Amino acid sequence: GAFTVGNYLATRLEQIGLKHYFMVPGDYNLVLLDELLSNRNIEQIGCCNELNAAYAADGYARANGCGALITTFNVGAFSALNGLAGAYAERLPVILVSSGHNTNDPAANHVLHHTIGTHDFSYQYEMFRHVTCAAVRVLHADNAPSMIDHAIGTALHERKPAYIEIACNLSDAPCLAPGPFETVIFQRSSGSSALDAAVKRATVLLAEAKKPLLLAGVHLRAFGAIDAFRELAEALGCAVAVMPNAKGFFPEEHPQYIGIYWGGVSTPGCEPIVDWADTILAAGPMFTDYTTAGWTALPPPEHLIDAQPGHVRFPDAECTNVALADFLSAVARKVSPKNATLEQYRRLMGKPVGETRPPASSNPGAALTRAELWRQIEQEIDAKTTLLVETGDSWFNGMYTHLPDGARFEIEMQWGSIGWAVPATFGYAMGLEPGRRLISVIGDGSFQLTAQEVANIIRHGQETLVFLVNNRGYVVESEIHDGPYNYIKNWDYAGLIPAWNAEDGHGLGLKATTAEELASAIERARNHHGGPILIECQIQHDDCSRQLLKWGARVAHANSRPPQQG
Ligand SMILES: C/C(NCc1cnc(C)nc1N)=C(/S)[C@H](O)COP(=O)(O)OP(=O)(O)O
């Protein structure tokens, strides 16, 4: 039959590669949910709340390329706002669709439920405009195709979230059939002369350099430039470091890899080489207070070629309208090998050592420590594993965990909103390709924000392994600046799993207070099927990474800069 607005939307969501989308129902969106259900190629996934639905769509987008969620007006969308802004920060194309008021209500001067009780219905749209790259309000069916395509196409081009509001009485209104999909997706391209100019400049600088070095940045994945970066690395033959939120974007077993560059908490031997380089080509970096360890790890501008998603900044010029992948590939074809930085690293460090780990604890019955926990986690990571770490000391412990070729790493360093990890774990696993597995490491403090989404991990039988690090509170905060506010009520975390199982779940909750209890819990996890395994790992509050101590001091110092006088 004729297309409706709802199944126009469903067709586009299917065409951008979604197999699932997340939602919480509400009276405004029930008809839209029916229209979406009529498309059998995409599956409707319920979440416990809309913040979790947004985080799940974020996690799904990390595994699948993009994500979507459906909310009801105001009370649903506003919970999702934090998750949408996080998708913006993390450069993930998450599409939020919120149902809105009936198109007759403004003219009827109605006041409506789920609003702040005024006659202005546009404030939700106004708020979402600030955290999306495109925001549209469909208030007439005629405009639905162009508005929906604009929002979705821009999100995919910009690698940022988009907002689509659809009046509730338009969900099943007739609308034109969608045109060919190619009209929606427009690839990021470079101006040919702009690209030539940028490549020429970079080639000259690299030809003059005696000791160039490559630095991988967080935008490499969002803008499809991971392969181009590797091409350039292998053409140059120089040392390659990665920024903390680009971990895993260059293989850690590659002979040119020299580790994480994170200032004073860099992988041993990495920082001196970055400091020694005379030209650093950073590909897609975000230099922030966190990624520069409180501004202590900023490459000097006079040595820096800063290649961003749409432009390249040189010490003395900026070239715009240049796509990152195009730029890196083109430069790769022009440069000649210069391996001085790699040679120097090998003089200093011998074979790449990465982070040296202490040996297994001599007494397996001793109280579990952070070092032993992560030694055992590292052993679980293989080529099919993704390691997802929540904001907390898990950032630092995960950061220095070795990734075998094929392993992946997920971190939300730019937004850093605790509570992201449980729903993101749910969404990531929903989009995971068959044969791969997910291990998530989540602190007790973060877990308490969105824990209930574990019930949906159980509902869908996802066999995710979750390490719940119970160190009795907010240790990152304690190490930056302690106070009574960093201590929380303890939960029986492993004991929650049977509660969420109820009569039909197959989750497994285990506790580990010693090395041997952890080893046996992991062994049981290997043989558990039909649901997630949550291992509550109990360690001391101050048993944190040395990197957190050093990084925390620098971030605390950056936070405490006095206001500029005068
Ligand atoms: C409270 C807060 N950050 C402040 C914060 C507060 N609220 C939101 C939504 N996001 C945030 N980052 C942070 S990092 C806690 O130490 C996390 O505690 P936990 O999950 O237990 O991990 P660690 O103990 O390893 O730190």
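Tabulated results
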quantity: Qualifying chymotrypsin sites (Phe, Trp or Tyr not before Pro) for region 235-305 [loop in DSSP, other Cβ within 10 Å: at most 16]; calculated: Phe287, Trp295
quantity: Beta bridge orientation in the chain: antiparallel %, DSSP, nearest 5; calculated: 10
quantity: Partner aspartates and glutamates for Lys489 [C-alpha distance under 18 Å; skip if fewer than 8 residues away on the same chain]; calculated: Asp444, Glu477, Glu536, Asp542
quantity: Contact order normalised by residue count of region 58-153, Cα under 8 Å, 6+ apart, percent; calculated: 25
quantity: Heavy-atom surface of region 213-286, accessible at 1.4 Å and reported per residue (Å²); calculated: 22
quantity: Trypsin sites (Lys or Arg not before Pro) restricted to DSSP loop in region 449-489 with at most 11 other C-beta within 10 Å; calculated: Lys489
quantity: Size-normalised alpha-carbon gyration radius of region 46-102, reference 2.2 N^0.38 Å; calculated: 1.03
quantity: Built amide H within the under 5 Å cut-off of Cys175, gap 5+; calculated: Phe3, Thr4, Val5
quantity: Proximal lysines to Lys384, defined as alpha-carbon separation beneath 28 angstrom and excluding residues fewer than eight positions away on the same chain; calculated: Lys19, Lys160, Lys247, Lys351, Lys511
quantity: More than 19 Å apart - percent of Cα-Cα pairs taken over region 15-173; calculated: 49
quantity: With every protein chain in place, the chain: carbon and sulfur % of accessible area (1.4 Å); calculated: 53
quantity: Region 232-243 - phi-based ³J(HN,Hα) in whole Hz, Karplus 6.51/-1.76/1.60, Gly and Pro as x; calculated: 5, 4, 6, 6, 7, x, 8, 5, 10, 10, 10, 6
quantity: Region 112-117 - phi-based ³J(HN,Hα) in whole Hz, Karplus 6.51/-1.76/1.60, Gly and Pro as x; calculated: 10, 5, 6, 10, 7, x
quantity: Average accessible area per residue (Å²) across region 446-552 - probe 1.4 Å, nucleic acids and ligands excluded; calculated: 45
quantity: Full-extension gain in nm, Trp491 to His528, via 0.36 nm per residue minus C-alpha separation; calculated: 10.9 nm
quantity: Vicinal HN-Hα couplings computed from phi for region 141-156 (Karplus, 6.51 cos²θ - 1.76 cosθ + 1.60; Hz; Gly/Pro x); calculated: 4, 4, 8, 4, x, 5, 5, 4, 5, 4, 5, 5, x, 5, 4, 6
quantity: Modelled FRET efficiency - R0 25 Å, Tyr123 with Asp289, Cβ distances, 0.05 increments; calculated: 0.20
quantity: Region 18-68, accessible area per residue, ligands and nucleic acids excluded (1.4 Å, Å²); calculated: 32
quantity: Long-range HN-HN contacts of Val136 with modeled amide H, under 5 Å; calculated: Tyr163, Ile164, Glu165
quantity: Bins of 10 Å from zero: percent of alpha-carbon pairs in the chain; calculated: 4, 17, 25, 25, 19, 9, 2, 0
quantity: Under 5 Å, built H, 5+ apart or other chain: amide partners of His20; calculated: Glu43
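The values are calculated or read from the model by the stated rules, or taken from the named source; none is laboratory data. On a predicted model such as this, the values are computed, not experimentally measured, just so you know. Here the Cβ is made from the backbone with ideal geometry for all residues, glycine too, and neighbour counts use every protein chain on show. These area figures cover heavy atoms from the full protein model, side chains too; ligands, DNA and RNA do not enter into them. Shrake-Rupley method; radii C 1.70, N 1.55, O 1.52, S 1.80 Å.
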